[in-house]
1. What pairs come up if the first residue lies in region 289-304 and is within 18 Å of Thr245 (Cβ to Cβ) and open to solvent by 30 Å² or more (accessible area, probe 1.4 Å), the second is near the ligand (Cβ under 6 Å from one of its atoms) and of a type in the set (Gly, Ala, Ser), and their beta carbons are under 6 Å apart, counting only those six or more places apart or on different chains?
2. For region 337-362, how many residues meet the condition of being open to solvent by less than 20 Å² (accessible area, probe 1.4 Å) and of a type in the set (D, E, K, R)?
3. All but one of (1) assigned to a helix (DSSP H, G or I); (2) open to solvent by 20 Å² or more (accessible area, probe 1.4 Å); (3) within 16 Å of the ligand (Cβ to nearest atom) hold for Ile394; which doesn't?
4. One residue is enough: does region 255-267 have a residue meeting the conditions open to solvent by less than 10 Å² (accessible area, probe 1.4 Å), within 16 Å of the ligand (Cβ to nearest atom), free of Cβ contacts under 8 Å to residues at least 40 places away in the same chain and outside any helix (DSSP H, G or I)?
5. For residues that are touching a helix residue (DSSP H, G or I) at 6+ places or on another chain (Cβ under 8 Å), open to solvent by 60 Å² or more (accessible area, probe 1.4 Å) and within 16 Å of the ligand (Cβ to nearest atom), tally how many sit in region 473-489.
6. Residues of region 363-383 being open to solvent by 30 Å² or more (accessible area, probe 1.4 Å) and not in a strand (DSSP E or B), which ones?
7. Could you please give the count of residues in region 421-439 that are assigned to a strand (DSSP E or B) and of a type outside the set (Gly, Ala, Ser)?
8. When you go through Val50, Val56 one by one, which is the residue that is part of a loop (DSSP other than H, G, I, E, B), in contact (Cβ under 8 Å) with a residue 40 or more places away in the chain and open to solvent by less than 10 Å² (accessible area, probe 1.4 Å)?
Amino acid sequence: MKGNLFATIADRITDASRPFLFTQGGAVFSYGDMLDASARYANALASLGVKAGDRVAVQTEKHVDSVWLYLACLRKGAVYLPLNPAYTPAEVAYFVSDAEPALLVCESRSVDTLRAIIGGSSSRIETLDGAGDGSLQTLAKTMPSQFETVDAGADDLAAILYTSGTTGRSKGAMITHENLRSNALALADIWQFTAGDVLLHALPIFHTHGLFVAMNTVMLSGSSMIFMPRFDLEAVMAALPAATTMMGVPTFYTRLLSDARFDRDAASHMRLFVSGSAPLSAETHRAFTARTGHAILERYGMTETNMITSNPHDGERRPGAVGFPLPGVSVRIADPETGKALPEGGIGVIELKGPNVFKGYWRMPEKTAQEFRADGWFITGDLGYIDPDGYVTISGRAKDLIISGGFNVYPAEVENALDALPMIGESAVIGLPHADFGEAVTAVVTARGGSEVDESAVRAQLESALAKFKIPKRVLVKDSLPRNAMGKVQKNALREEYAKLYSI
Ligand code: AMP
(Lines give C-alpha, C1' and ligand atoms only; values in the text may rest on other atoms or scores of the structure.)
Protein backbone atom coordinates (compact mmCIF):
# COMPACT_ATOMS: atom_id res chain seq x y z
CA MET A 1 0.00 0.00 0.00
CA LYS A 2 3.00 2.29 0.57
CA GLY A 3 3.68 2.88 -3.10
CA ASN A 4 0.19 4.22 -3.75
CA LEU A 5 -0.07 8.02 -3.84
CA PHE A 6 -3.38 7.83 -2.02
CA ALA A 7 -1.78 5.87 0.81
CA THR A 8 0.66 8.72 1.36
CA ILE A 9 -2.21 11.21 1.29
CA ALA A 10 -4.25 9.15 3.79
CA ASP A 11 -1.23 8.64 6.07
CA ARG A 12 -0.85 12.37 6.38
CA ILE A 13 -4.43 13.07 7.46
CA THR A 14 -4.09 13.89 11.13
CA ASP A 15 -7.57 15.33 11.68
CA ALA A 16 -10.36 14.04 9.42
CA SER A 17 -12.70 16.83 10.52
CA ARG A 18 -10.51 19.48 8.89
CA PRO A 19 -11.90 21.05 5.70
CA PHE A 20 -10.62 19.75 2.37
CA LEU A 21 -12.83 21.39 -0.22
CA PHE A 22 -15.13 24.43 -0.25
CA THR A 23 -17.49 24.78 -3.19
CA GLN A 24 -18.52 28.11 -4.63
CA GLY A 25 -22.07 27.29 -3.55
CA GLY A 26 -20.98 27.17 0.11
CA ALA A 27 -20.74 23.40 0.68
CA VAL A 28 -17.79 22.15 2.75
CA PHE A 29 -16.25 18.67 2.45
CA SER A 30 -13.86 17.52 5.16
CA TYR A 31 -10.93 15.13 4.77
CA GLY A 32 -13.22 12.51 6.35
CA ASP A 33 -15.80 13.17 3.61
CA MET A 34 -13.03 12.75 1.04
CA LEU A 35 -12.03 9.38 2.52
CA ASP A 36 -15.67 8.18 2.52
CA ALA A 37 -16.57 9.43 -0.95
CA SER A 38 -13.41 8.12 -2.60
CA ALA A 39 -14.08 4.72 -0.97
CA ARG A 40 -17.66 4.67 -2.30
CA TYR A 41 -16.41 5.45 -5.80
CA ALA A 42 -13.62 2.85 -5.53
CA ASN A 43 -16.24 0.27 -4.53
CA ALA A 44 -18.43 1.40 -7.43
CA LEU A 45 -15.51 0.92 -9.83
CA ALA A 46 -14.93 -2.57 -8.42
CA SER A 47 -18.60 -3.45 -8.81
CA LEU A 48 -18.40 -2.41 -12.48
CA GLY A 49 -15.52 -4.82 -12.98
CA VAL A 50 -12.74 -2.22 -13.17
CA LYS A 51 -9.46 -3.86 -12.21
CA ALA A 52 -6.02 -2.51 -11.27
CA GLY A 53 -4.29 -1.26 -14.42
CA ASP A 54 -7.58 -0.65 -16.26
CA ARG A 55 -8.02 2.79 -17.73
CA VAL A 56 -10.95 4.96 -16.61
CA ALA A 57 -11.53 7.75 -19.13
CA VAL A 58 -13.40 10.76 -17.74
CA GLN A 59 -14.89 13.61 -19.75
CA THR A 60 -16.88 15.76 -17.34
CA GLU A 61 -17.03 19.36 -16.27
CA LYS A 62 -15.19 20.29 -13.07
CA HIS A 63 -17.39 18.61 -10.45
CA VAL A 64 -16.57 17.68 -6.85
CA ASP A 65 -17.55 14.11 -7.75
CA SER A 66 -14.87 14.11 -10.46
CA VAL A 67 -12.34 14.64 -7.66
CA TRP A 68 -13.74 11.62 -5.79
CA LEU A 69 -13.50 9.59 -8.98
CA TYR A 70 -9.84 10.59 -9.49
CA LEU A 71 -9.06 9.53 -5.92
CA ALA A 72 -11.06 6.32 -6.33
CA CYS A 73 -8.95 5.38 -9.34
CA LEU A 74 -5.80 5.88 -7.25
CA ARG A 75 -7.23 3.72 -4.47
CA LYS A 76 -8.34 0.97 -6.87
CA GLY A 77 -5.07 1.03 -8.82
CA ALA A 78 -6.97 2.02 -11.96
CA VAL A 79 -5.45 4.51 -14.39
CA TYR A 80 -7.22 7.89 -14.39
CA LEU A 81 -7.53 9.35 -17.88
CA PRO A 82 -9.07 12.83 -17.83
CA LEU A 83 -10.28 14.40 -21.07
CA ASN A 84 -10.88 18.05 -21.81
CA PRO A 85 -14.68 18.59 -21.86
CA ALA A 86 -14.16 20.65 -25.03
CA TYR A 87 -13.07 17.56 -27.00
CA THR A 88 -15.58 16.60 -29.67
CA PRO A 89 -17.13 13.10 -29.75
CA ALA A 90 -14.84 12.26 -32.69
CA GLU A 91 -11.80 13.19 -30.61
CA VAL A 92 -13.09 11.16 -27.66
CA ALA A 93 -13.51 8.23 -30.05
CA TYR A 94 -9.78 8.40 -30.84
CA PHE A 95 -8.80 8.41 -27.15
CA VAL A 96 -11.12 5.48 -26.46
CA SER A 97 -9.74 3.47 -29.36
CA ASP A 98 -6.17 4.25 -28.29
CA ALA A 99 -6.46 3.76 -24.53
CA GLU A 100 -9.16 1.08 -24.52
CA PRO A 101 -10.58 2.14 -21.17
CA ALA A 102 -12.66 -0.36 -19.21
CA LEU A 103 -14.94 2.54 -18.32
CA LEU A 104 -15.80 5.88 -19.92
CA VAL A 105 -17.48 8.41 -17.63
CA CYS A 106 -19.21 11.39 -19.22
CA GLU A 107 -21.92 13.99 -18.63
CA SER A 108 -25.51 12.72 -18.90
CA ARG A 109 -26.12 15.13 -21.78
CA SER A 110 -23.43 13.55 -23.96
CA VAL A 111 -24.04 9.88 -23.15
CA ASP A 112 -26.18 9.09 -26.20
CA THR A 113 -23.77 10.68 -28.67
CA LEU A 114 -20.75 9.02 -27.09
CA ARG A 115 -22.44 5.64 -26.82
CA ALA A 116 -23.22 5.78 -30.53
CA ILE A 117 -19.68 6.83 -31.39
CA ILE A 118 -17.84 4.28 -29.27
CA GLY A 119 -20.49 1.65 -29.88
CA GLY A 120 -18.13 -1.00 -31.22
CA SER A 121 -15.63 -0.79 -28.34
CA SER A 122 -15.66 -2.89 -25.22
CA SER A 123 -15.73 0.19 -22.94
CA ARG A 124 -18.58 0.51 -20.52
CA ILE A 125 -20.13 3.97 -20.23
CA GLU A 126 -21.50 5.66 -17.07
CA THR A 127 -22.50 9.23 -16.29
CA LEU A 128 -21.53 11.84 -13.73
CA ASP A 129 -22.90 15.37 -13.74
CA GLY A 130 -23.49 18.60 -11.85
CA ALA A 131 -26.99 17.64 -10.72
CA GLY A 132 -25.49 14.63 -8.90
CA ASP A 133 -27.79 12.04 -10.39
CA GLY A 134 -25.55 10.49 -13.01
CA SER A 135 -25.53 6.69 -13.12
CA LEU A 136 -22.09 6.42 -11.49
CA GLN A 137 -23.10 8.86 -8.75
CA THR A 138 -26.28 6.91 -8.06
CA LEU A 139 -24.30 3.69 -7.86
CA ALA A 140 -21.61 5.21 -5.59
CA LYS A 141 -24.29 6.34 -3.10
CA THR A 142 -25.25 2.70 -2.51
CA MET A 143 -21.67 1.60 -1.84
CA PRO A 144 -19.81 1.14 1.47
CA SER A 145 -17.61 4.02 2.68
CA GLN A 146 -14.65 1.73 3.47
CA PHE A 147 -12.16 0.56 0.89
CA GLU A 148 -8.71 -0.87 1.29
CA THR A 149 -6.38 1.11 -0.94
CA VAL A 150 -4.44 -1.29 -3.16
CA ASP A 151 -0.68 -1.51 -3.15
CA ALA A 152 1.12 0.13 -6.03
CA GLY A 153 4.68 -0.54 -7.14
CA ALA A 154 6.95 2.37 -7.99
CA ASP A 155 6.29 1.76 -11.68
CA ASP A 156 2.50 1.38 -11.50
CA LEU A 157 0.47 3.87 -13.47
CA ALA A 158 -1.73 6.41 -11.71
CA ALA A 159 -2.83 8.30 -14.80
CA ILE A 160 -2.55 8.80 -18.52
CA LEU A 161 -2.75 12.38 -19.72
CA TYR A 162 -2.93 13.01 -23.43
CA THR A 163 -0.67 15.85 -24.54
CA SER A 164 -2.37 18.53 -26.57
CA GLY A 165 -0.31 17.42 -29.59
CA THR A 166 -0.12 20.33 -32.01
CA THR A 167 1.19 18.02 -34.73
CA GLY A 168 0.28 14.42 -35.36
CA ARG A 169 -1.65 12.19 -33.01
CA SER A 170 -2.06 13.10 -29.37
CA LYS A 171 0.22 10.99 -27.18
CA GLY A 172 -0.83 9.48 -23.85
CA ALA A 173 1.76 10.29 -21.19
CA MET A 174 1.95 7.45 -18.65
CA ILE A 175 2.33 8.90 -15.16
CA THR A 176 3.20 6.68 -12.19
CA HIS A 177 2.23 6.95 -8.54
CA GLU A 178 5.88 7.65 -7.75
CA ASN A 179 6.05 10.46 -10.32
CA LEU A 180 3.12 12.18 -8.64
CA ARG A 181 4.09 11.51 -5.07
CA SER A 182 7.71 12.62 -5.37
CA ASN A 183 6.66 15.78 -7.18
CA ALA A 184 3.84 16.78 -4.83
CA LEU A 185 5.99 16.16 -1.75
CA ALA A 186 8.71 18.38 -3.22
CA LEU A 187 6.23 21.14 -4.10
CA ALA A 188 4.40 21.10 -0.75
CA ASP A 189 7.78 21.41 0.91
CA ILE A 190 9.45 24.11 -1.18
CA TRP A 191 6.27 26.21 -1.42
CA GLN A 192 5.80 25.79 2.34
CA PHE A 193 2.21 24.57 2.24
CA THR A 194 0.70 23.86 5.66
CA ALA A 195 -2.67 22.77 6.98
CA GLY A 196 -3.55 26.43 7.43
CA ASP A 197 -3.42 27.14 3.69
CA VAL A 198 -6.50 27.64 1.54
CA LEU A 199 -5.80 27.39 -2.19
CA LEU A 200 -8.00 29.24 -4.67
CA HIS A 201 -8.46 26.56 -7.33
CA ALA A 202 -9.85 27.95 -10.59
CA LEU A 203 -7.83 25.74 -12.99
CA PRO A 204 -9.31 22.93 -15.07
CA ILE A 205 -8.76 19.43 -13.66
CA PHE A 206 -8.10 17.58 -16.92
CA HIS A 207 -4.54 18.98 -17.04
CA THR A 208 -1.44 18.38 -14.90
CA HIS A 209 -1.58 21.87 -13.37
CA GLY A 210 -5.05 21.78 -11.80
CA LEU A 211 -5.20 18.02 -11.29
CA PHE A 212 -1.77 17.23 -9.88
CA VAL A 213 0.19 20.37 -9.02
CA ALA A 214 -2.74 22.02 -7.28
CA MET A 215 -4.72 19.14 -5.77
CA ASN A 216 -1.90 16.77 -4.80
CA THR A 217 0.00 19.61 -3.11
CA VAL A 218 -3.11 20.53 -1.16
CA MET A 219 -3.80 16.94 -0.09
CA LEU A 220 -0.23 16.11 0.89
CA SER A 221 -0.07 19.16 3.13
CA GLY A 222 -3.53 18.79 4.69
CA SER A 223 -4.56 22.21 3.42
CA SER A 224 -7.86 23.03 1.77
CA MET A 225 -9.05 24.51 -1.49
CA ILE A 226 -11.82 26.72 -2.80
CA PHE A 227 -12.99 24.71 -5.79
CA MET A 228 -14.24 27.02 -8.53
CA PRO A 229 -15.70 25.70 -11.79
CA ARG A 230 -13.52 28.07 -13.84
CA PHE A 231 -11.72 31.41 -13.66
CA ASP A 232 -14.46 34.01 -13.44
CA LEU A 233 -13.10 37.41 -12.44
CA GLU A 234 -16.10 38.38 -10.26
CA ALA A 235 -16.19 35.02 -8.51
CA VAL A 236 -12.43 35.01 -7.96
CA MET A 237 -12.51 38.53 -6.50
CA ALA A 238 -15.32 37.43 -4.17
CA ALA A 239 -13.48 34.27 -3.06
CA LEU A 240 -10.05 35.84 -2.65
CA PRO A 241 -10.51 37.06 0.96
CA ALA A 242 -10.97 33.46 2.13
CA ALA A 243 -7.84 32.19 0.32
CA THR A 244 -4.17 32.25 1.32
CA THR A 245 -2.66 30.93 -1.93
CA MET A 246 -3.51 30.79 -5.60
CA MET A 247 -2.17 28.81 -8.54
CA GLY A 248 -2.86 30.00 -12.04
CA VAL A 249 -1.85 30.35 -15.62
CA PRO A 250 -0.48 33.78 -16.60
CA THR A 251 -3.82 34.92 -18.03
CA PHE A 252 -5.37 34.65 -14.54
CA TYR A 253 -2.90 37.25 -13.35
CA THR A 254 -3.30 39.58 -16.32
CA ARG A 255 -7.06 39.40 -15.82
CA LEU A 256 -6.73 40.23 -12.13
CA LEU A 257 -4.48 43.17 -13.04
CA SER A 258 -7.09 44.44 -15.49
CA ASP A 259 -9.42 45.05 -12.51
CA ALA A 260 -8.67 48.17 -10.45
CA ARG A 261 -10.24 46.53 -7.36
CA PHE A 262 -7.33 44.11 -7.32
CA ASP A 263 -4.88 46.15 -5.29
CA ARG A 264 -2.52 45.89 -2.34
CA ASP A 265 -5.44 45.60 0.11
CA ALA A 266 -7.19 42.87 -1.87
CA ALA A 267 -3.99 40.78 -1.88
CA SER A 268 -2.61 41.74 1.53
CA HIS A 269 -3.70 38.57 3.34
CA MET A 270 -2.37 36.25 0.60
CA ARG A 271 0.73 34.16 1.24
CA LEU A 272 1.62 33.02 -2.27
CA PHE A 273 0.68 33.39 -5.95
CA VAL A 274 2.09 30.68 -8.25
CA SER A 275 2.14 30.83 -12.06
CA GLY A 276 2.93 28.25 -14.69
CA SER A 277 1.95 26.29 -17.84
CA ALA A 278 2.80 29.22 -20.11
CA PRO A 279 5.34 32.05 -19.97
CA LEU A 280 4.58 34.81 -17.49
CA SER A 281 5.99 37.95 -19.03
CA ALA A 282 8.55 39.83 -16.98
CA GLU A 283 6.33 42.84 -17.57
CA THR A 284 3.31 41.20 -15.90
CA HIS A 285 5.54 39.97 -13.07
CA ARG A 286 6.74 43.51 -12.38
CA ALA A 287 3.27 45.07 -12.76
CA PHE A 288 1.90 42.54 -10.27
CA THR A 289 4.58 43.36 -7.72
CA ALA A 290 4.06 47.08 -8.19
CA ARG A 291 0.30 46.70 -7.68
CA THR A 292 0.19 44.21 -4.82
CA GLY A 293 3.62 43.97 -3.24
CA HIS A 294 3.67 40.21 -4.09
CA ALA A 295 6.25 38.67 -6.41
CA ILE A 296 4.51 35.88 -8.34
CA LEU A 297 6.37 32.59 -7.96
CA GLU A 298 6.83 31.16 -11.46
CA ARG A 299 7.48 27.47 -11.97
CA TYR A 300 8.00 25.31 -15.04
CA GLY A 301 6.87 21.82 -15.90
CA MET A 302 5.13 19.71 -18.48
CA THR A 303 2.67 16.82 -18.63
CA GLU A 304 5.43 14.27 -19.17
CA THR A 305 7.60 15.39 -16.26
CA ASN A 306 5.32 17.05 -13.74
CA MET A 307 7.14 20.08 -12.32
CA ILE A 308 10.79 20.62 -13.17
CA THR A 309 11.92 23.98 -11.78
CA SER A 310 10.58 26.63 -9.46
CA ASN A 311 11.55 30.08 -8.32
CA PRO A 312 12.33 30.08 -4.62
CA HIS A 313 9.82 30.66 -1.85
CA ASP A 314 12.48 32.50 0.13
CA GLY A 315 14.84 34.38 -2.13
CA GLU A 316 14.58 36.30 -5.34
CA ARG A 317 11.68 35.34 -7.63
CA ARG A 318 13.23 36.54 -10.82
CA PRO A 319 10.90 38.00 -13.48
CA GLY A 320 11.17 36.05 -16.74
CA ALA A 321 13.01 33.10 -15.13
CA VAL A 322 11.56 29.77 -14.00
CA GLY A 323 13.97 29.19 -11.12
CA PHE A 324 15.92 26.17 -9.91
CA PRO A 325 15.47 22.41 -10.40
CA LEU A 326 13.21 20.85 -7.75
CA PRO A 327 14.90 18.73 -5.08
CA GLY A 328 15.81 15.36 -6.60
CA VAL A 329 15.57 16.67 -10.18
CA SER A 330 18.67 17.25 -12.37
CA VAL A 331 18.48 19.70 -15.24
CA ARG A 332 21.03 20.30 -17.98
CA ILE A 333 21.18 22.32 -21.18
CA ALA A 334 22.27 20.32 -24.21
CA ASP A 335 22.99 20.80 -27.86
CA PRO A 336 19.69 19.85 -29.53
CA GLU A 337 21.42 17.84 -32.25
CA THR A 338 24.16 16.00 -30.38
CA GLY A 339 22.80 15.93 -26.83
CA LYS A 340 26.16 17.14 -25.55
CA ALA A 341 25.91 19.28 -22.41
CA LEU A 342 26.60 22.97 -23.18
CA PRO A 343 28.84 25.25 -21.13
CA GLU A 344 27.13 27.59 -18.64
CA GLY A 345 25.02 30.27 -20.24
CA GLY A 346 24.67 28.56 -23.63
CA ILE A 347 21.17 28.28 -25.10
CA GLY A 348 20.14 24.74 -25.86
CA VAL A 349 17.45 22.19 -25.18
CA ILE A 350 16.39 21.70 -21.56
CA GLU A 351 16.85 18.07 -20.45
CA LEU A 352 16.21 16.40 -17.12
CA LYS A 353 16.35 13.29 -15.01
CA GLY A 354 14.44 12.55 -11.84
CA PRO A 355 11.66 10.60 -10.15
CA ASN A 356 9.17 12.99 -11.75
CA VAL A 357 9.86 11.86 -15.34
CA PHE A 358 7.05 9.80 -16.86
CA LYS A 359 7.23 6.18 -17.94
CA GLY A 360 6.71 6.83 -21.64
CA TYR A 361 3.94 7.32 -24.17
CA TRP A 362 1.13 4.80 -24.10
CA ARG A 363 1.74 2.16 -26.78
CA MET A 364 4.26 4.37 -28.60
CA PRO A 365 7.69 2.92 -27.73
CA GLU A 366 9.35 4.60 -30.72
CA LYS A 367 8.01 8.05 -29.86
CA THR A 368 9.10 7.45 -26.27
CA ALA A 369 12.61 6.47 -27.36
CA GLN A 370 12.91 9.64 -29.47
CA GLU A 371 12.33 11.82 -26.40
CA PHE A 372 15.15 10.29 -24.33
CA ARG A 373 18.93 10.39 -24.81
CA ALA A 374 20.74 7.05 -24.69
CA ASP A 375 21.95 7.88 -21.17
CA GLY A 376 18.43 8.51 -19.89
CA TRP A 377 18.02 12.29 -20.06
CA PHE A 378 14.49 13.35 -21.07
CA ILE A 379 14.43 15.94 -23.87
CA THR A 380 11.78 18.54 -23.06
CA GLY A 381 11.80 20.27 -26.45
CA ASP A 382 12.01 23.62 -24.65
CA LEU A 383 15.02 25.82 -25.33
CA GLY A 384 16.64 27.74 -22.52
CA TYR A 385 19.74 28.54 -20.53
CA ILE A 386 21.00 28.57 -16.97
CA ASP A 387 22.48 31.83 -15.71
CA PRO A 388 25.49 32.08 -13.34
CA ASP A 389 23.14 32.15 -10.32
CA GLY A 390 21.57 28.86 -11.40
CA TYR A 391 18.21 30.25 -12.56
CA VAL A 392 16.74 28.51 -15.61
CA THR A 393 15.23 30.75 -18.28
CA ILE A 394 13.07 29.47 -21.15
CA SER A 395 13.73 30.89 -24.61
CA GLY A 396 10.79 29.17 -26.35
CA ARG A 397 9.81 25.76 -27.71
CA ALA A 398 12.45 24.24 -30.02
CA LYS A 399 9.85 24.02 -32.78
CA ASP A 400 9.16 27.76 -32.39
CA LEU A 401 12.82 28.70 -32.85
CA ILE A 402 13.16 31.08 -35.79
CA ILE A 403 16.12 30.84 -38.13
CA SER A 404 16.25 34.08 -40.07
CA GLY A 405 19.03 34.71 -42.57
CA GLY A 406 21.04 31.97 -40.85
CA PHE A 407 20.71 33.50 -37.37
CA ASN A 408 18.84 31.91 -34.46
CA VAL A 409 16.12 34.13 -33.04
CA TYR A 410 14.56 33.07 -29.75
CA PRO A 411 10.96 34.25 -29.66
CA ALA A 412 10.92 34.85 -25.89
CA GLU A 413 13.66 37.46 -26.13
CA VAL A 414 11.80 39.45 -28.80
CA GLU A 415 8.48 39.04 -26.93
CA ASN A 416 10.06 40.42 -23.74
CA ALA A 417 11.34 43.46 -25.62
CA LEU A 418 7.91 44.03 -27.18
CA ASP A 419 6.06 43.57 -23.88
CA ALA A 420 8.21 46.28 -22.32
CA LEU A 421 6.85 48.88 -24.79
CA PRO A 422 4.01 51.01 -23.40
CA MET A 423 1.62 50.48 -26.32
CA ILE A 424 1.88 46.66 -26.39
CA GLY A 425 -0.52 44.47 -24.44
CA GLU A 426 0.66 40.99 -25.35
CA SER A 427 2.89 39.59 -28.06
CA ALA A 428 3.70 36.40 -29.90
CA VAL A 429 6.72 36.17 -32.18
CA ILE A 430 6.74 33.62 -34.98
CA GLY A 431 8.81 32.78 -38.06
CA LEU A 432 7.07 32.90 -41.44
CA PRO A 433 8.36 31.65 -44.81
CA HIS A 434 10.34 34.37 -46.59
CA ALA A 435 12.18 34.23 -49.92
CA ASP A 436 15.35 36.00 -48.70
CA PHE A 437 15.54 35.17 -45.03
CA GLY A 438 14.17 31.64 -45.06
CA GLU A 439 12.03 32.67 -42.12
CA ALA A 440 11.06 36.24 -41.32
CA VAL A 441 10.69 37.27 -37.68
CA THR A 442 7.09 38.40 -37.34
CA ALA A 443 5.31 39.82 -34.30
CA VAL A 444 1.61 39.51 -33.62
CA VAL A 445 0.58 41.86 -30.83
CA THR A 446 -2.41 43.31 -29.00
CA ALA A 447 -2.66 46.98 -28.05
CA ARG A 448 -2.44 47.94 -24.39
CA GLY A 449 -5.56 49.76 -23.11
CA GLY A 450 -6.68 52.20 -25.77
CA SER A 451 -3.17 52.62 -27.25
CA GLU A 452 -2.45 52.93 -30.96
CA VAL A 453 0.15 50.52 -32.29
CA ASP A 454 2.15 52.12 -35.05
CA GLU A 455 4.16 49.45 -36.80
CA SER A 456 7.18 51.54 -37.77
CA ALA A 457 7.31 53.22 -34.36
CA VAL A 458 7.36 49.81 -32.66
CA ARG A 459 10.16 48.58 -34.90
CA ALA A 460 12.11 51.80 -34.31
CA GLN A 461 11.76 51.46 -30.55
CA LEU A 462 13.03 47.90 -30.60
CA GLU A 463 16.28 49.03 -32.19
CA SER A 464 17.82 50.04 -28.88
CA ALA A 465 16.98 46.66 -27.31
CA LEU A 466 17.60 44.10 -30.04
CA ALA A 467 20.14 43.31 -32.74
CA LYS A 468 18.85 44.13 -36.20
CA PHE A 469 18.27 40.50 -37.27
CA LYS A 470 15.91 39.99 -34.31
CA ILE A 471 13.65 42.94 -35.09
CA PRO A 472 10.32 41.78 -36.52
CA LYS A 473 9.95 42.47 -40.23
CA ARG A 474 6.27 43.03 -39.58
CA VAL A 475 4.24 43.85 -36.46
CA LEU A 476 0.63 42.75 -36.87
CA VAL A 477 -2.09 43.88 -34.50
CA LYS A 478 -4.97 41.65 -33.37
CA ASP A 479 -7.72 42.12 -30.78
CA SER A 480 -6.54 39.03 -28.93
CA LEU A 481 -4.07 36.17 -29.32
CA PRO A 482 -5.41 32.63 -29.88
CA ARG A 483 -4.90 30.60 -26.70
CA ASN A 484 -5.72 27.09 -25.53
CA ALA A 485 -7.44 26.19 -22.26
CA MET A 486 -4.17 26.56 -20.34
CA GLY A 487 -3.51 30.03 -21.69
CA LYS A 488 -0.79 28.94 -24.10
CA VAL A 489 -0.62 31.03 -27.28
CA GLN A 490 -1.36 28.81 -30.27
CA LYS A 491 1.57 29.76 -32.48
CA ASN A 492 0.63 27.12 -35.04
CA ALA A 493 -2.67 28.88 -35.62
CA LEU A 494 -0.84 32.18 -36.14
CA ARG A 495 1.69 30.59 -38.51
CA GLU A 496 -1.19 29.18 -40.54
CA GLU A 497 -3.17 32.42 -40.56
CA TYR A 498 -0.22 34.47 -41.81
CA ALA A 499 1.53 31.78 -43.89
CA LYS A 500 1.34 33.89 -47.06
CA LEU A 501 2.27 37.22 -45.45
CA TYR A 502 5.53 37.42 -47.38
CA SER A 503 3.85 35.56 -50.27
CA ILE A 504 6.23 32.82 -51.23
P1 AMP B 1 1.84 20.99 -20.81
O2 AMP B 1 2.34 19.63 -21.07
O3 AMP B 1 0.52 21.29 -21.42
O4 AMP B 1 1.87 21.33 -19.35
O5 AMP B 1 2.85 21.98 -21.53
C6 AMP B 1 4.19 21.99 -21.16
C7 AMP B 1 4.90 23.13 -21.82
O8 AMP B 1 4.39 24.37 -21.34
C9 AMP B 1 6.36 23.17 -21.51
O10 AMP B 1 7.10 22.26 -22.29
C11 AMP B 1 6.69 24.62 -21.80
O12 AMP B 1 6.86 24.84 -23.18
C13 AMP B 1 5.42 25.34 -21.35
N14 AMP B 1 5.56 25.90 -20.00
C15 AMP B 1 5.17 25.38 -18.83
N16 AMP B 1 5.47 26.21 -17.81
C17 AMP B 1 6.09 27.28 -18.36
C18 AMP B 1 6.65 28.49 -17.85
N19 AMP B 1 6.63 28.77 -16.57
N20 AMP B 1 7.21 29.34 -18.75
C21 AMP B 1 7.23 29.06 -20.06
N22 AMP B 1 6.71 27.96 -20.60
C23 AMP B 1 6.14 27.08 -19.76
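1. none
2. Result for region 337-362: 1.
3. Among (1) assigned to a helix (DSSP H, G or I); (2) open to solvent by 20 Å² or more (accessible area, probe 1.4 Å); (3) within 16 Å of the ligand (Cβ to nearest atom), Ile394 violates only (1).
4. Within region 255-267, none of the residues are open to solvent by less than 10 Å² (accessible area, probe 1.4 Å), within 16 Å of the ligand (Cβ to nearest atom), free of Cβ contacts under 8 Å to residues at least 40 places away in the same chain and outside any helix (DSSP H, G or I).
5. 1
6. Listed by number, the residues that qualify are Arg363, Pro365, Glu366, Lys367, Ala369, Gln370, Glu371, Arg373, Ala374, Asp375, Gly376, Trp377.
7. 8
8. On the way: Val56 fails: part of a loop (DSSP other than H, G, I, E, B).
After ruling out the rest, the residue left standing is Val50.
The values are calculated or read from the model by the stated rules, or taken from the named source; none is laboratory data. The shown structure was predicted, so the numbers you read here are calculated from the model rather than taken from an experiment. As a convention, Cβ positions derive from the backbone with ideal geometry for all residues, glycine included, and neighbour counts pool all protein chains shown. Each accessible area value is taken on the protein alone, full model and side chains, heavy atoms only, with ligands, DNA and RNA left out. Shrake-Rupley method; radii C 1.70, N 1.55, O 1.52, S 1.80 Å.
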